[in-house]
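> One structure coming up, written as structure tokens, with questions to follow.
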Amino acid sequence: MVGDRLRAVVRREVVRLMELALSTEDEVLREAAVRHAVTLCRRTRTRMPRPYARLICRRCLSLYRFSEGSRFRVRAGRGKRVVVTCGKCGAVNRVPIEP
Ligand SMILES: [Zn+2]
């Protein structure tokens, strides 16, 4: 059982790790920071803050980077969605756009 107080601490730590991951050019550090943040969220059943969750590939847990070939495509029509392709593992993630 994880209390609200602990969850607040976890959330702060997750934000710190994700900001670190986003600001470093060190690939090893970046991967470790993302993995640690995701693990923290899973263990404590804390939701990863949305803006960060959108940047992480669900298959390989790397951050989407244009420099590594990640692509964002918008599919119009009914059920509008953004299609994100991971430049690292090639996984395709679809994010529905709320009306
Ligand atoms: Zn991936």
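> Given the structure, is Ala33 modelled with pLDDT of 95 or more and touching a Leu at 6+ places or on another chain (Cβ under 9 Å)?
Here the answer is yes, as Ala33 does meet what is asked.
> Something else about it: Kindly list the number of the only condition in (1) free of Cβ contacts under 8 Å to residues at least 12 places away in the same chain; (2) surrounded by 13 or more Cβ atoms within 10 Å (Cβ to Cβ); (3) not assigned by TED's automatic domain parsing to the domain that holds Arg12 that fails for Gly77.
(2)
> Moving on. Consider the range 36-73. How many of its residues are within 13 Å of the ligand (Cβ to nearest atom) and surrounded by fewer than 19 Cβ atoms within 10 Å (Cβ to Cβ)? Steps first, please.
To start, the set of residues in the range 36-73 that are within 13 Å of the ligand (Cβ to nearest atom) comprises 38, 55-65, 68-71.
Filter once more, so that each one left must be surrounded by fewer than 19 Cβ atoms within 10 Å (Cβ to Cβ): 55, 58-61, 65, 68-71.
Number of matching residues: 10.
> Which pairs have Cβ atoms under 6 Å, sit 6 or more apart or on different chains, and link a residue in the range 45-61 that is of a type outside the set (A, V, I, L, M) to one that is part of a loop (DSSP other than H, G, I, E, B) and within 15 Å of the ligand (Cβ to nearest atom)?
Qualifying pairs under 6 Å: Cys57/Cys86; Cys57/Ala91; Arg59/Cys89; Arg59/Ala91; Cys60/Lys88; Cys60/Cys89.
The values are calculated or read from the model by the stated rules, or taken from the named source; none is laboratory data. Note that the structure is a prediction, hence the values are computed from the model and not measured. Heads up, the Cβs are rebuilt from the backbone with ideal geometry, glycines too, and the neighbour counts pull from every protein chain shown.
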